[in-house]
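**Q** Here it is: the structure, laid out below.
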Amino acid sequence: TKARDSLHRFPLKKVRGVPLLEPVAQNWESISSFCPDPSDLLIATYPKAGTTWTQEIVDLLLHNGDAEACRRAPTIVRNPFLEITAPPPIPSGLELLSRMKPPRVIKTHLPIQLVPEGFWKNKCKVIYMARNAKDNLVSYYHFDRMNLSHPEPGPWDGYIHKFMNGELAWGSWYDHVKGYWAEKEKSNILYLFFEDMKENPRREVERIMQYLDLSVSDDILERIVDLTSFEVMKNNPMANYTFIPKIVFDPSISPFMRKGEVGDWVHHFTPEQTKLFDEDYARQMRSTNIPFRTNI
Ligand code: A3P
């Protein structure tokens, strides 16, 4: 079919030194000049850090825990993905945004230096979700296998090096987490951790609620925690990415909702790979004190 011909594993192309999917780089002028409304909320993450989970929590908070309301459309339609650009007929993030009235919840994987100026000028709220490097890397590896619009991940050992060298789509994990961390006070960014969410989801959902100046009852808070558990989201067709055609996301290779755990990296890294990775990590993260945890 036509769709099958136009969809393929895109190469990466750099924008200001950051490798992005080629169609995103080609559309860069329009993306970077997007101007949000001050009421818009940005959810920013490095790919596979828990974006979808955060999006579902935010949507439920904004709808006072109404599960039906949050099943009105798939995640990608409820919260446009700012920079995503695909061949027609798949709408780009900018197209979806142009059809929605503020306040909107917008997803991005852009590193902070590439986020359109308008978000800062208009003092938009920004939620950043970060995940420890090793689990983030494992999750990205399986995602790159099943997402047939991303470059081939290649063998696992080589993939570790691509991650360490910042050669994957959206660039360096290290620069990404450090960039938002450095700006979080100045720009009023709510900086969250995947591991904290797993450890005590209720506490973290409450933090998000407060950041958004919302207030929901204790019962509803509990309900939101239940509705955003891994098991429930895995079975929610509007949140589990089964809405993406199988010629783009192939769940027979790896499901989008894969494991949702902290510490799965131990089943992937050999002791030698751990040593190499940890040494490099210490070098790349020397200048910062972000409290990442690789197990809970
Ligand atoms: P795994 O591949 O480790 O399972 P993103 O939404 O940023 O693409 O991140 C996807 C990762 O978050 C996947 O990790 C996915 O399983 C996990 N995830 C999604 N929803 C989750 C939830 N409710 N609880 C825990 N993990 C979740």
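The values are calculated or read from the model by the stated rules, or taken from the named source; none is laboratory data. Note that the structure is a prediction, hence the values are computed from the model and not measured. Heads up, the Cβs are rebuilt from the backbone with ideal geometry, glycines too, and the neighbour counts pull from every protein chain shown.
**Q** Please name all residue pairs, on different chains or six or more residues apart, with Cβ atoms under 7 Å, provided the first residue is in segment 268-296 and is among the acidic types (Asp, Glu) and the second residue is at pLDDT 95 or above and not in a loop (DSSP other than H, G, I, E, B).
**A** Once the first residue is among the acidic types (Asp, Glu) and sits in segment 268-296, its partners that are at pLDDT 95 or above and not in a loop (DSSP other than H, G, I, E, B) give Asp280/Met164.
The rows are residues; the columns are (1) surrounded by fewer than 16 Cβ atoms within 10 Å (Cβ to Cβ); (2) within 11 Å of the ligand (Cβ to nearest atom); (3) acidic (Asp, Glu).
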| site | (1), (2), (3) |
| --- | --- |
| Arg223 | no, no, no |
| Ile244 | no, no, no |
| Ile253 | yes, no, no |
| Met257 | no, yes, no |
| Val262 | no, yes, no |
| Pro271 | yes, no, no |
| Lys275 | yes, no, no |
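**Q** Does segment 45-54 include one or more residues that are free of Cβ contacts under 8 Å to residues at least 60 places away in the same chain, within 13 Å of the ligand (Cβ to nearest atom) and either β-branched (Val, Ile, Thr) or out of contact with any Gly (no Cβ under 8 Å at 6 or more places or on another chain) (or both)?
**A** No, there is no match, as no residue in segment 45-54 is free of Cβ contacts under 8 Å to residues at least 60 places away in the same chain, within 13 Å of the ligand (Cβ to nearest atom) and either β-branched (Val, Ile, Thr) or out of contact with any Gly (no Cβ under 8 Å at 6 or more places or on another chain) (or both).
**Q** How many of the residues in segment 24-51 are over 21 Å from Arg99 (Cα atoms) and out of contact with any helix residue (DSSP H, G or I) (no Cβ under 8 Å at 6 or more places or on another chain)?
**A** Adding up the residues that qualify gives 3.
**Q** Trp181: assigned to a loop (DSSP other than H, G, I, E, B), in contact (Cβ under 8 Å) with a residue 60 or more places away in the chain and among the aromatic types (Phe, Trp, Tyr), yes or no?
**A** In short, no.
**Q** Quick check on this structure: which one of Tyr141, Tyr159 is more than 13 Å from the ligand (Cβ to nearest atom), within 16 Å of Gln273 (Cβ to Cβ), assigned to a helix (DSSP H, G or I) and modelled with pLDDT of 95 or more?
**A** Result: Tyr159 is the single residue among Tyr141, Tyr159 that is more than 13 Å from the ligand (Cβ to nearest atom), within 16 Å of Gln273 (Cβ to Cβ), assigned to a helix (DSSP H, G or I) and modelled with pLDDT of 95 or more.
**Q** Let me ask you something else. Only one residue in Met164, Met146 is surrounded by fewer than 22 Cβ atoms within 10 Å (Cβ to Cβ) and either under 25 Å from Asp250 (Cα atoms) or at pLDDT below 95 (or both), so which one is that?
**A** Met146
**Q** Now, a different point. Every residue in segment 57-107 that is crowded, with 22+ Cβ neighbours inside 10 Å and touching a Cys at 6+ places or on another chain (Cβ under 7 Å), please.
**A** Residues satisfying the conditions are Asp59, Leu60.
**Q** Still on this structure: Could you check how many residues of segment 55-70 are in a helix (DSSP H, G or I) and either within 11 Å of the ligand (Cβ to nearest atom) or among the charged types (D, E, K, R) (or both)?
**A** The number of residues fulfilling the criteria is 4.
**Q** Restricting to segment 8-34, and then to whatever is in a strand (DSSP E or B) and free of Cβ contacts under 8 Å to residues at least 60 places away in the same chain, can you tell me which residue is surrounded by the most Cβ atoms within 10 Å (Cβ to Cβ)?
**A** Looking at residues that are in a strand (DSSP E or B) and free of Cβ contacts under 8 Å to residues at least 60 places away in the same chain, I get Lys13.
**Q** Now a separate question. If only one of Ala73, Ala3 is away from the ligand (no atom under 16 Å from the Cβ), at pLDDT below 95 and of a type in the set (Gly, Ala, Ser), which one is it?
**A** Answer to the check: Ala3.
**Q** Now for a different question. Of the residues Lys186, Lys134, Lys178, Lys125, which single one is within 20 Å of Met285 (Cβ to Cβ) and either away from the ligand (no atom under 16 Å from the Cβ) or surrounded by fewer than 21 Cβ atoms within 10 Å (Cβ to Cβ) (or both)?
**A** Going through Lys186, Lys134, Lys178, Lys125 in turn, the sole match is Lys178.
**Q** For segment 189-210, how many residues meet the condition of being closer than 23 Å to Leu114 by Cβ and either of a type in the set (Asp, Glu) or more than 14 Å from the ligand (Cβ to nearest atom) (or both)?
**A** Number satisfying all stated conditions: 3.
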